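Take a look at the structure set out below.
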Amino acid sequence: METGPILRALMHNKTSFILIALQIAVTMAIMVNAIGIIQERSIQMSRPTGVDEANIFYLKSVVFNAAANYEAQITEDLDAIRNSPGVRNAVMTNTVPLQGGGWSSELQLEPGVDITGTGVAMYFVDEQGIDTFGVNLIAGRNFDANEINWHDFETNDWPPLGIVTVGTAEELYPDEPAEAILGKTIYVNSDEPVTIIGVVERMQAAWNSWSGVERSMLVPVKRGSSAVRYVIRTEPGYRDEVMPQIEDMLASSGSDRLIRGMETMADTRKQSYLEDAAMVKLLTFIVVLLTAITGLGIVGLASFSVARRTKQIGTRRALGATKPAILRYFMLENFIISSTGVVGGAMLAIALNIWMVEAFNLQRIAWYLIPAAMITLWAVGQLAVFGPARRATNVPPALATRSV
Amino acid sequence: MFSYYVKLGLSSIRKNPILSSLMVAAIAVGIGACMTVINIDYIMSGNPIPHRSDLLYHVQLDSWDPNDAYDDPDRPPDQVTYLDGTALLAAGEARRQVLSYKTGRVIEPEGDDLRPFQADSRSTTAGFFAMFDVPFLYGSGWDKNADDNEEFVVVINKEINERVFGGEDSVGRMLTMNGEPYRVSGVLDTWDPMPKFYDVTNGPFNQVEEVYFPFSVSIAHELGSRGNTSCWRPVDGDGYAGFLGSECIWMQFWVELHGENERQAYHAFLDAYVESQKALGRFPRPMNNRLNNVMEWMSDQEVVDKDVRVLLGLAFLFLIVCLLNTIGLLLAKVTRRAGDIGLRRALGATRRAVFAQYIVEAGVIGLAGGILGIAMTWLGLQGIRVLYGELDFIARLIEMDWAVVSAAVVLAVVSALAAALYPTWQACAIQPASQLKAL
């Protein structure tokens, strides 16, 4: 085709060429990395917690009368809640997935002070815990009611039984299927043995950006204290109706306590990923805006470039070039410029990504983003140049003979 | 001649309204994007206590696990244990010092109309208020005697004073917290350090606590921290006493030191203290004590969100795209005005004159772009508020001050001038003869 003449023409007039190519390159670098971040965050945000998010809510009961008998109060509360209409089950526990605050301890395969452990999130529950959270027990069994112990600030020893998530099992015994951890003994607090009696499919920890977010353990302990958290699971669809009822019931059942911090699991998730969701929206806006600006920029530069060459176009037409040939010329010229731009852009995008991985600990972009961005920018370029190129075809051959 | 160039510049802008507006718009959008992120970064990395920030030092001792640093690669814990905090406090080697931790109290206002409510509290020694220059509306903090005697005093903030005492001077009155009466010794004025530097471990952009009472009282009531508590080994003894004697970190210790000599002296003291503890079998890790002043500590803890830094990088690249657009538009304008330039040159204008004219024109466009850019920045910050609105501290991040406004205009003018360099150089290179032929 006419690549030869086009290239030579471009070499004579490098400015337009460099400007468009550079703009495409920088746009591509931004676009690829922004989309990479969007992808990474979206994947993060879509991870399931493993609990019945639609029907769970929780609240804190704060007793401020120091003489109160915590155990009696908690037992009474749980009975009342569990027997309320619309409530499926309830449990007293320390935290919920994605809450942002919680308890973690290290589990070891061998006892001893010098052994490296694995951090695991702890959930202190009773035998209703699994049903309340709605997690899936895939192997072994749940706790029995008589295996649950009351602890307070004084108690130090750890109960001898535990239920872990698949994430924990896979981290402790990476070469075996998760179920194989049943019956094994692991050690907490350096030397206290815990036998695993059950495996739950998934129950995320409280910290969504923690590398160990899939590692949790259910511990058969009720920790009595002045401030406790009740997690309540309602029958499907009853959550909003039941929430104020439970709050009122607890608040009016004794004068020396406050009910506070009532949240749904759904809101907890939203709060947990608030910044990620915002970043996704922000970056999407930037990518769209950037593409628009670059597109318009190319339209402008192409119009300018065409306007400068009206005499040349007129001459070519006078010498017999057809309208489609002129159109093809400009589309092809833009394609070559865009190609230079996207190749430069690919290198710039990778360089930018390497720097951001270094500096900000981001993830590397998926390889297919580069060709996807290249195709997008080729398309944007061609679309942008179409208008000016069409106008170029309308230049009359007679222009060649005029001196203006 | 300068005013003549300004006149020429303005008339040229008028003659090419579309091109000029596009240029102004391109610069404005680029500046808007950049300054929005810069504003947020500027506020987040601002100095919360500029007149004292190099006098206040945060103390870190490496009391952690011999097999595992608190934080890779070799960073000591960000909080101190009860044992170490109280020992350093008792030694009194610094000019001023404060030991504190975050906790919670339930306030029981008098009268049947007002229900009890929970208040974010800080359990602290007396030095807190003077060291951190906390503003008081009424009264003041307490003194060392109150600390030593475990007096039930409390400092409350303006909002709680409104809520419980109707906003009047409540110094000397009693406030019941968790069933016990505390004497109000002071009411805080509005206090909003950004970030909340004295406790970055538990929410660097949180509001400050609402209620403050003596550390000794809090310990006597066996109150734990409502912030982060981390232990690398299990608690040895039983109950709260066991917890106090453990290696769990849960409080913050700050000292006030003036000048390099005092800083070095204190560091030497810390090293000596750790040596003495090592003799008792504690501190198995190598010596790794740190003394960081406010800004050093903020930087060490990377208080500015990583996302902000990422956006900053992307925003600058965005500005570059906008500037490339501007260069193209300027080139187009120069080509259109080629005849004009040729004429001026033929009439005797030097290259320098042409250069000056077009640079000034670019400056005018930059100025216009900067002013429009301020509006764009405001829009951008409102957008941020909509996106991140649920975070309480966002309202403070989107305030524009004069520094940001001026920076916007300066950045716009500088960018416009930079973008204009190449097209203006091209303009100077236009030969008069080539243009006059076609006229």
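Would you mind finding the one in A:D175, A:D152, A:D157 that is within 29 Å of the chain's Cα centre (by Cα), farther than 23 Å from A:T264 by Cβ, of a type in the set (D, E) and surrounded by fewer than 16 Cβ atoms within 10 Å (Cβ to Cβ)?
Values: A:D152 fails: within 29 Å of the chain's Cα centre (by Cα); A:D157 fails: within 29 Å of the chain's Cα centre (by Cα).
Selected residue: A:D175, the only one of A:D175, A:D152, A:D157 that is within 29 Å of the chain's Cα centre (by Cα), farther than 23 Å from A:T264 by Cβ, of a type in the set (D, E) and surrounded by fewer than 16 Cβ atoms within 10 Å (Cβ to Cβ).
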Looking at the range A:170-222, which of its residues are of a type in the set (D, E, K, R) and under 25 Å from A:Q363 (Cα atoms)? A:E170, A:E171, A:R202, A:E214, A:R215
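Which residue, of B:F136, B:F117, is within 14 Å of chain A (Cβ to nearest Cβ) and either under 19 Å from B:V184 (Cα atoms) or modelled with pLDDT under 95 (or both)?
The match here is B:F117.
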So for the range B:420-429 (the condition being surrounded by fewer than 21 Cβ atoms within 10 Å (Cβ to Cβ), part of a helix (DSSP H, G or I), small (G, A, S) and touching a residue at least 24 places away in the same chain (Cβ under 8 Å)), does at least one residue qualify? no
Selected residue (only one of A:S42, A:S16 is in the same structural domain as A:T376 (by TED's automatic domain parsing), among the polar types (S, T, N, Q), surrounded by fewer than 16 Cβ atoms within 10 Å (Cβ to Cβ) and in contact (Cβ under 8 Å) with a residue 40 or more places away in the chain): A:S42
Mind listing just one residue for me: the one in the range B:322-357 that is in contact with a Leu (Cβ under 8 Å, 6 or more places away or on another chain) and closer than 14 Å to B:L8 by Cβ and, of those, nearest to the other protein chains (Cβ to nearest Cβ)? B:K333
Looking at B:L99, B:L89, B:L83, can you tell me which residue is out of contact with any helix residue (DSSP H, G or I) (no Cβ under 8 Å at 6 or more places or on another chain), touching a residue at least 40 places away in the same chain (Cβ under 8 Å) and not in a loop (DSSP other than H, G, I, E, B)? B:L89
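Per-residue answers, yes or no, for (1) surrounded by fewer than 16 Cβ atoms within 10 Å (Cβ to Cβ); (2) assigned to a helix (DSSP H, G or I); (3) of a type in the set (A, V, I, L, M, F, W, C); (4) not assigned by TED's automatic domain parsing to the domain that holds B:I13:
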| site | (1), (2), (3), (4) |
| --- | --- |
| B:H267 | no, yes, no, yes |
| B:A272 | yes, yes, yes, yes |
| B:P284 | yes, no, no, yes |
| B:N288 | no, no, no, yes |
| B:M295 | no, yes, yes, yes |
| B:A315 | no, yes, yes, no |
| B:L323 | no, yes, yes, no |
| B:L330 | no, yes, yes, no |
| B:T335 | no, yes, no, no |
Restricting attention to the range B:343-363, which residues are in a helix (DSSP H, G or I), of a type in the set (A, V, I, L, M) and under 21 Å from B:N16 (Cβ atoms)? B:L343, B:A353, B:V354, B:A356, B:I359, B:V360, B:A362
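Residues A:T291, A:T310, A:T315: which one is within 11 Å of chain B (Cβ to nearest Cβ), surrounded by fewer than 18 Cβ atoms within 10 Å (Cβ to Cβ) and in contact (Cβ under 8 Å) with a residue 24 or more places away in the chain? Walk me through how you get there before you give the answer.
Numbers: A:T310 fails: within 11 Å of chain B (Cβ to nearest Cβ); A:T315 fails: within 11 Å of chain B (Cβ to nearest Cβ).
A:T291 is the lone residue from the list that is within 11 Å of chain B (Cβ to nearest Cβ), surrounded by fewer than 18 Cβ atoms within 10 Å (Cβ to Cβ) and in contact (Cβ under 8 Å) with a residue 24 or more places away in the chain.
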Among (1) more than 30 Å from A:V287 (Cβ to Cβ); (2) more than 14 Å from every other protein chain (Cβ to nearest Cβ); (3) crowded, with 22+ Cβ neighbours inside 10 Å; (4) not aromatic (F, W, Y), B:K102 falls short only on (2)
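Can you give me the number of residues within the range B:154-181 that are part of a strand (DSSP E or B) and under 16 Å from B:D120 (Cα atoms)? I'd like the intermediate steps shown before the answer.
Initially, the range B:154-181 is screened for residues part of a strand (DSSP E or B), giving B:154-156, B:174-177, B:180-181.
Adding the requirement that they be under 16 Å from B:D120 (Cα atoms) leaves B:154-156, B:175-177.
Number of matching residues: 6.
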Among the residues that make up the range B:369-381, is at least one of them surrounded by fewer than 21 Cβ atoms within 10 Å (Cβ to Cβ) and polar (S, T, N, Q)? no
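The values are calculated or read from the model by the stated rules, or taken from the named source; none is laboratory data. On a predicted model such as this, the values are computed, not experimentally measured, just so you know. When we count neighbours, we look across all protein chains shown, and the Cβ atoms used for this are built from the backbone with ideal geometry, even at glycine.
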